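Just so you know, all these numbers are worked out from the coordinates, no wet-lab data involved. Computed from a predicted structure; not experimentally measured. All Cβ positions, even for glycine, are placed from backbone atoms using ideal geometry, and neighbour counts span all protein chains on display.
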Amino acid sequence: MPSSRKSTRRDFLRGRAAVDALQAAAAQIPLIAAEAEHYLTRFTRRAMACEFEVILNAGQYPQGEAALAALDLVDQLESQLTVYRDDSEISRLNQTAHLRDVEVESRLFALLEQAATIHRETKGAYDITSGPLSKVWGFSRRAGYPPSAAELEDVIPRVGMQNIELNSGTNSIRFRRPGVEINLGSIGKGYALDRMSDLLVAEGIEDFLLHGGNSSVLARGRVQESGVRSQGSEGKERGWWIGLRHPLLPQRRIGEILLRDRALGTSGSGTQFFMHEGRRYGHILDPRTGRPAEGTLSTTVVANTAAQADALATAFYVMGRDAAVDYCQRHRGISAAIISPAGDDRIELTLCGFADGDVRNHPDESMIVRRFESTDAK
């Protein structure tokens, strides 16, 4: 029968990695929709302050060393990308780039270039230099409190990609002023999934699902149902149905998104916020104003890479619904599900860029007011 037991390297080497199915924990729902129909093998590792998983169709790939190697890679990437270790490549960059040009590893430089591109395309809504803002608001130490106007005035000049020079000829970075910091928390998990995917594909694994903390997801190929590869409408092979959670009630699912050879990222402040004098302050900050973004409950983006999906999910949350829809309509291959408050404890779901059949709604969800901007894939 399906089991929720997690596979470790030790268990696998002992031959104990069994057929598992995703199962709801006490206070959450499974990532994969209709999990009872799926027989899956899971490999799990804690990294980047969340659980990473490699999920395979049970029995399809009996040798799981590639999955374990992919999780080892996450550990290596965390050592490179984290700002919480003084010896990481990003920490060393933050310590010295205001003094001189600092050369970084080529794939890390490409990630920084991608972040700079998304910053330009979103008119500054996405910014990897907003770490000082998180500090002044207390989110980095889990002790939130509104900063004074003077504190914000001191921090804002150090935020913005205009403070960073990228030299593609030498893969080097230089900060134009002291106090600038890079933090890849909004793109690092997605980047890790992309690198894991490359490793698995190179090992000949074609059907798998990867996630980091459920909010960053990458799917390749298709899931098997009851031992048979599933078929979508009109005979097309189906991918993986991913649950779309209610932003205020995470134990409830409001729909599912079909994911195949694509990635998904979700941003929201449903769990990271603080209350002050009766007002709620979420942890996603608008780098252009220095204040928490408001007006959106959660944003889910589907894109070709997990790094892009993660970054755009954060940007769309900051930009708001209308600007996010406009971005989707102008950029081929980007889809979004944007959830906004609709009053009277109801929510509004806006979909943009999805093809017919790629989204299905949860039945009997009376709290949703649906608003479809566009359902045509581009």
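List the trypsin sites (Lys or Arg not before Pro) in the stretch 122-182 that DSSP assigns to loop (not H, G, I, E or B) and whose Cβ has at most 13 other Cβ atoms within 10 Å. Which are they?
Within the stretch 122-182, the qualifying trypsin sites (Lys or Arg not before Pro) (loop, at most 13 other Cβ atoms within 10 Å) are LYS123, ARG142, ARG176.
For the stretch 239-372, give the magnitude of the charge dipole about the Cα centre (Cβ charges: +1 Lys/Arg, -1 Asp/Glu; no others), in debye to the nearest 20.
Roughly 160 debye for the stretch 239-372.
Regarding the stretch 89-175, what whole-number volume in Å³ per residue does the convex hull of its Cα atoms give?
106 Å³
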